[in-house]
Amino acid sequence: MLNRLKMNTVLVSNSHRVMGLMLLFLHAFLIWDVSDHYVRQAFFLCHYGLFLAWQPVWRGSEKLSLPAGLFLLAIGGLGFYFTNWWLAGFWIAVLFGLLGGRVLSGQDDPNRNSYIFAASYLLSMLLLWIVPELLGAKDDIAAAKFVVYYAVPILPLIILVVGRQSVKSDQAPIIDFFYTLLLMLIALILILSSYVIGTLKVSNYLEVIFISVFGLAFTLVAFSWLWNPRTQFSGVELLMSRYLLSVGMPFERWVKSIARHAQAKSNAKDFMQAAMQEISALEWVQGAKWLADEAQGELGTVSPHATILNFHDLHMTLYTRWQLTPALYLHVKLLTQIMGEFYEAKRREETLRQNTYMQAFYETGSRLTHDIKNILQSVGTLCSAAEQSNKDNEPEDDQALLKLLRRQLPVLNQRIASTLDKLKAPSEDKKRQEKISFWWHSLMQRYQYSQLEFITGEMPKFEINAEALDGVLDNLLQNSIEKAKSQPSIWIKAEVITHAEHFTCEVSDTGTAMPKQVAEDLFKKHINSANGLGVGLYHAAKQAEQAGYKLSLVNNTNGEVRFRVELVHDNEA
């Protein structure tokens, strides 16, 4: 076993030399005297053995199947017992296709020059030796005999000397089937066209070769132009692409129907059912069975010809009336991937819709929780005022407390009723309109804090949305009060600035500034913060925006952190 692996490694690492020896034995087989049949057979066996060692179709360590082994034996037996110039011409055409396919494969092969030399040798032998033998025109190019005997063999000898190999022994052979077939057909066309021209028209062999070669060249140039003409005509390339994409089912019609179902169906399960019905409607499809996450089902009947297709979470078994050809299989696989992509898109759409639905619940619950928190904070302020009055035990304080309760309890009751209405119908936006002076006076009475100063200017006559401003100002003042617990020396200031129809309310404190990143994201998303900044202000900004106001941070420096709530006019919005 070890010796066998070493032999495979040696053959692979020296495949260019094996190819050179193969061509040399082929040359001896072609030019040897026909009368000495056994020697020619010996040369052919040597050539064919080296070909089997060099051939790029199977790895050297790979075991051949019984059909492949019989096929190779049949070729060797045919060449050994029935050798003639027609078979020799066909064999050279096959070798020319294999070598040309390696040259045009697009791979960075260190033996590329060796393949070019080998292809040049085969083409020279074809035109200078094989075709003249078929036409019986060797006398027309008597000088070619000297070239074939002494000049052409130099090409295989060059391969033996300059070739080099760096391909790993376990690497799969690289061969382009399309280019191999195309070059083999070109070589066969050259042989047959030369034979037809030389047979139907009595002329010199040089004229035959001239007509054949230049006629074939003109045909290839014309076809290459038709392939991509760069004019208004789309070219053979586009026509061939359309044909390959329309094997069994038109590609454009399929994509349009799938897109239509994706647009019409609301969930992934219904879309998959409709798409599978489109597949089962095809003439060559007898049935189908699929499994895609939570969607599964089957249509039609089961047939002996089953094709299994998988794409991500989509697993499909397609039952057809006949076995799928390779082209149709690739076509169906591509279309299955398109259907799988649409299915994944529908699943993501459902997930996004569910997330949006849950986000709406979250936003509503978070906003209402925030409103309830503000109400409870206001109740806590009144309770603190009541406790302070009981401690002082002054009649004047009792009268002030009673007056405060009579004024604030209806407002709190109204806010609680508004919050309960929001719980019943979150989508309805109800406003509580009040005069600015009345709203500001109520706010001052609720927040009787020693380090809090209210600055009041001239109050205009117009009304504001008290429901929205209560929520926003409660957030700003409560955050400042919480901040004062950790920074006792700060002062808090609330100020109303009005002129004409413009309304602005500012809340500031003399504490430390917020971090820059927190300040940038303050009203854009939820922020985790130890002192409560972030979540409440995020909802307060949304509430102010819905009511037609704008909450902003106008200053964020040590010694002055200032928030502003201002009425946004139509032209500013």
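The values are calculated or read from the model by the stated rules, or taken from the named source; none is laboratory data. A quick note: this is a predicted structure, and the numbers were derived from the prediction, not measured. Reconstructed Cβ throughout: ideal geometry from the backbone, glycine too, with neighbour counts over all protein chains shown.
Structure summary
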read-out: Meets criteria (at pLDDT 80 or above and either within 24 Å of Glu463 (Cα to Cα) or buried (at least 18 other Cβ atoms within 10 Å of the Cβ) (or both)) for Glu572; value: no
read-out: The stretch 239-272, subset at negative phi and not in a helix (DSSP H, G or I), residue modelled with the highest pLDDT; value: Lys265
read-out: Any pair with Cβ under 7 angstrom, 6 or more apart, that starts in the stretch 116-135 at a residue that is in contact (Cβ under 8 Å) with a residue 12 or more places away in the chain and ends at one that is of a type in the set (D, E, K, R); value: Pro132/Lys138
read-out: Residue under evaluation Thr317, criteria (1) within 14 Å of Ile258 (Cβ to Cβ); (2) surrounded by fewer than 17 Cβ atoms within 10 Å (Cβ to Cβ); (3) touching an Asp or Glu at 6+ places or on another chain (Cβ under 9 Å), criterion not met; value: (1)
read-out: Which listed residue is buried (at least 16 other Cβ atoms within 10 Å of the Cβ) and at pLDDT 85 or above, from Leu87, Leu128; value: Leu128
read-out: Residue in the stretch 162-171 that is modelled with pLDDT under 85, assigned by TED's automatic domain parsing to the domain that holds Ala28 and not in a loop (DSSP other than H, G, I, E, B) present; value: yes
read-out: Count of the stretch 461-506 residues which are part of a helix (DSSP H, G or I) and under 12 Å from Leu567 (Cα atoms); value: 2
read-out: Residue check, Ile492 surrounded by fewer than 13 Cβ atoms within 10 Å (Cβ to Cβ), assigned by TED's automatic domain parsing to the domain that holds Val561 and at pLDDT 80 or above; value: no
read-out: Pair list, Cβ under 7 Å, 6 or more apart: the stretch 551-568 residue under 10 Å from Cys505 (Cα atoms) and among the acidic types (Asp, Glu), other residue modelled with pLDDT under 90 and part of a strand (DSSP E or B); value: Glu566/Phe503; Glu566/Thr504; Glu566/Tyr549; Glu566/Lys550
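Every residue, every condition in (1) modelled with pLDDT of 85 or more; (2) over 23 Å from Leu127 (Cβ atoms); (3) part of a helix (DSSP H, G or I), yes or no:
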position	(1), (2), (3)
Gly20	yes, no, yes
Arg40	no, no, yes
Phe44	yes, no, yes
His47	yes, no, yes
Pro56	no, yes, no
Leu72	no, yes, yes
